[in-house]
Amino acid sequence: MWSHNQWQQSLYGKGTPQAERLARYAEVFNTVEGNTSFYATPSANSVNNWRDAVGEDFRFTFKLPQEITHKLQLRHCDDELKLFLQVMSPLFAKTGLWKIQLPGYFGPEALGALDTFLGKLPTELPLGVEVRHPAFFAKGEAERRLNRLLLQRSVNRIIMDTRPVFAAPPNSAAVIDAHEKKPRVPVHAIATGHSPTVRFIGHPELEANQGFFKPWLDKLCQWLEEERQPYLFVHTPDNALAPELAICLYRLLSARWQAKHGQPLPVLQLPQDARNHNKQLGLEL
């Protein structure tokens, strides 16, 4: 998600070559979702370039390939998993979470396959599982079994908050597409591992997101107080203003942390040329 053409002025600065976008992104933010690995295992050259583009404190979160998670549904995939981990190994030290995103048809009957698959992964790899089957959100036995499994293995349950985008009227192609593709599931803010992870799918009007984000302020502070390392990923329907929304929400979180502990969180700030561009759009960041 770092190579977004619409961020050329709002984040990278006019004239930034595509090959330098990740490095510019990492000057502002400290983590990113690497979606490209979901569609295919990247080349070794790409992996090395990504590693070298960011500092030692930056953390990627990569999705496992859909060949493993969606097509094979975590079964009979030892060769595919071995190849993926071999190629990605140069990034192990700079990856904060490996995401296992499961399709909506991966239901309670497949929890045994998930347990077996998790047992095949190196124990030092931080993992997150995102489920979409309705049974895992019904607060019944299926969800309890899932949560027990993740707790026993210290694997994070990835939390989807799609309330903001579904509150937006379907009056644009981007919102309509998001309504069709994003899961409309309840928000269960549970920490089953060291790095609880929230994917916040925002409303296209930036100010409309603040009310939806308010409940997360105390929860994120709580996780930080528990010495966990939460991850927050912010989207909008077309992601054009996702960096601006991320910074707005982070500032709300920093203000809440300061109110509770007397000091703010580390500052996130867009480059000056990007701030000038946003002022032209009427956005004060």
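The values are calculated or read from the model by the stated rules, or taken from the named source; none is laboratory data. Keep in mind the model is a prediction, meaning the values are calculated, not measured. Here the Cβ is made from the backbone with ideal geometry for all residues, glycine too, and neighbour counts use every protein chain on show. Areas reflect the complete protein model, heavy atoms only, side chains present, ligands, DNA and RNA absent. Shrake-Rupley method; radii C 1.70, N 1.55, O 1.52, S 1.80 Å.
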| In segment 62-84, how many residues are over 30 Å from Glu27 (Cβ atoms) and either crowded, with 16+ Cβ neighbours inside 10 Å or hydrophobic (A, V, I, L, M, F, W, C) (or both)? | 11
| field | Among (1) buried (at least 20 other Cβ atoms within 10 Å of the Cβ); (2) over 20 Å from Pro230 (Cα atoms); (3) out of contact with any helix residue (DSSP H, G or I) (no Cβ under 6 Å at 6 or more places or on another chain), the one test that Phe136 misses | value | (3)
| query | What number of residues within segment 147-172 satisfy the criterion of being open to solvent by 10 Å² or more (accessible area, probe 1.4 Å) and either free of Cβ contacts under 8 Å to residues at least 12 places away in the same chain or part of a loop (DSSP other than H, G, I, E, B) (or both)? | reply | 8
| query | Do any residues in segment 31-49 that are free of Cβ contacts under 8 Å to residues at least 60 places away in the same chain and among the hydroxyl-bearing types (Ser, Thr, Tyr) have Cβ atoms under 8 Å from those of residues that are in a helix (DSSP H, G or I) and crowded, with 18+ Cβ neighbours inside 10 Å, where the two are at least six apart or on different chains, and which pairs are they? | reply | Ser37/Phe84; Ser37/Met88; Thr41/Phe84; Thr41/Met88
| query | Could you say which residue among Gly193, Gly262 is at positive phi, modelled with pLDDT of 95 or more and not aromatic (Phe, Trp, Tyr)? | reply | Gly262
| query | Out of all the residues in segment 45-61, which are surrounded by 16 or more Cβ atoms within 10 Å (Cβ to Cβ) and out of contact with any Lys or Arg (no Cβ under 7 Å at 6 or more places or on another chain)? | reply | Val47, Trp50, Ala53
| Limited to segment 17-44, what total is found for residues that are outside any helix (DSSP H, G or I) and either closer than 20 Å to Asp238 by Cβ or open to solvent by 40 Å² or more (accessible area, probe 1.4 Å) (or both)? | 12
